[in-house]
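Student: Got a structure for you, written out below as structure tokens; questions coming shortly.
What follows draws every value from the coordinates through simple rules; no lab data is involved. Quick caveat: nothing in here was measured; it's all calculated off a predicted structure.
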Amino acid sequence: MRLSATAVIAGLCASSHAFSDSSPFILFSTAKLSKPISQEQLQSSSTILESTKQLLSSCPTSRYLFVSQPNLNAGHLSSKAAVPKLSDTLSYAATSYSVAEVIGELDVKSIAAYIRDTCELPPSAIDVIDLLPVPSSAAEGVNILKKNDDELGMVLEQYKTSAEGSYTVVYTAGPRTEKPQAYTAEFTDSGAGHSELKRQLHDVNAVGRRARSDKNLPLFEKYQYFTPGIFMGLIALIILMSILYAGISALASLQVSYGAFDKEMGPAAQKKQQ
């Protein structure tokens, strides 16, 4: 299950704005691990916990590093430039598994305790690092991410050069220290844009409710059979029929006396009399 660092970062970036209160999860190892049950990019913390335990139940490596960075979200890892040391280490991993949106708090210490009990490893084989929380300010967030990445890079370098060789890293957000920022729409005119958005949402909801209510209506109430076009056509047809009726009635009212067809009263008989 080998993924490049670009693929892992891209997977995290794809859903970086879906949920403001979610956090990313990254697991990578020098050992080849089995494929997780779920590959969804939106999972609960309980699902991630079970998947991680399943992946590491065989104790695939000799060392384990659990990294917690509070207030972290997928947007912070949207590019390799944000965390270059982490991205560089990911490119050499035999196994990479990432989830962009983890709903709920994931405690890496509980995973570390599970590994310690299951694999019966000495305390020196399991490390837990609590990095500085990422502040809500964008400018400060970039600086803290860079500082944390440098610190993590030094630890990862020690892991790569150690005699044991094999290691597994679990990297996630951990507990939050700040309330996640709410999404702010990028409208140039916030008042007009907000009103227009509410109007469109109202129209969409009204159409949905009307569509659901129309299902059980009678046929003549569900469909409109006499549209304005059909109504105007019927009026024009009535007028034309009235004109036609008047013309036929006028022709029918013409009367010719029977004497006009009598030989003695006709033009030839009058000429003979003269």
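Student: Whose amide H sits under 5 Å from the amide H of VAL67, counting only residues 5 or more places off or on another chain, with H placed in the peptide plane?
Tutor: Residues meeting the amide H criterion: ILE129, VAL170, TYR171, THR172.
Student: I'd like the Karplus ³J(HN,Hα) series for the range 48-53: coefficients 6.51, -1.76, 1.60, θ = phi - 60°, whole numbers in Hz, and an x wherever there's a Gly or Pro.
Tutor: The phi angles translate into 4, 4, 5, 5, 5, 4 Hz.
Student: I need the Kirkwood Rh of the range 61-125: take the reciprocal of the average 1/r across all distinct C-alpha pairs and report it in angstrom.
Tutor: Value: 14.1 Å, from the Cα pair sum.
Student: Please report, to one decimal in angstroms, the Kirkwood hydrodynamic radius of the range 31-90 built from all distinct Cα-Cα pairs.
Tutor: Result for the range 31-90 stands at 13.9 Å.
Student: At 20 °C and 1.002 mPa s, what whole-number value in µm²/s does Stokes-Einstein give for the translational diffusion of the range 101-174, with Rh from the Kirkwood sum over Cα pairs?
Tutor: 150
Student: Over 5 Å intervals from 0, what percent of Cα-Cα pairs in the range 5-172 sits in each interval?
Tutor: Per 5 Å bin, starting at zero, the Cα-Cα P(r) for the range 5-172 comes out as 1, 9, 19, 23, 23, 15, 7, 2, 0 percent.
Student: Return the long-range amide H neighbours of SER44 (sequence gap of 5 or more, or a different chain), with a cut-off of under 5 Å between placed amide H atoms.
Tutor: Answer set, sorted by chain and number: ILE103.
Student: Within the set LYS53/LYS146; LYS32/LYS160; LYS80/LYS160; LYS32/LYS53, which residue pairs have Cα atoms separated by over 22 Å?
Tutor: LYS53/LYS146
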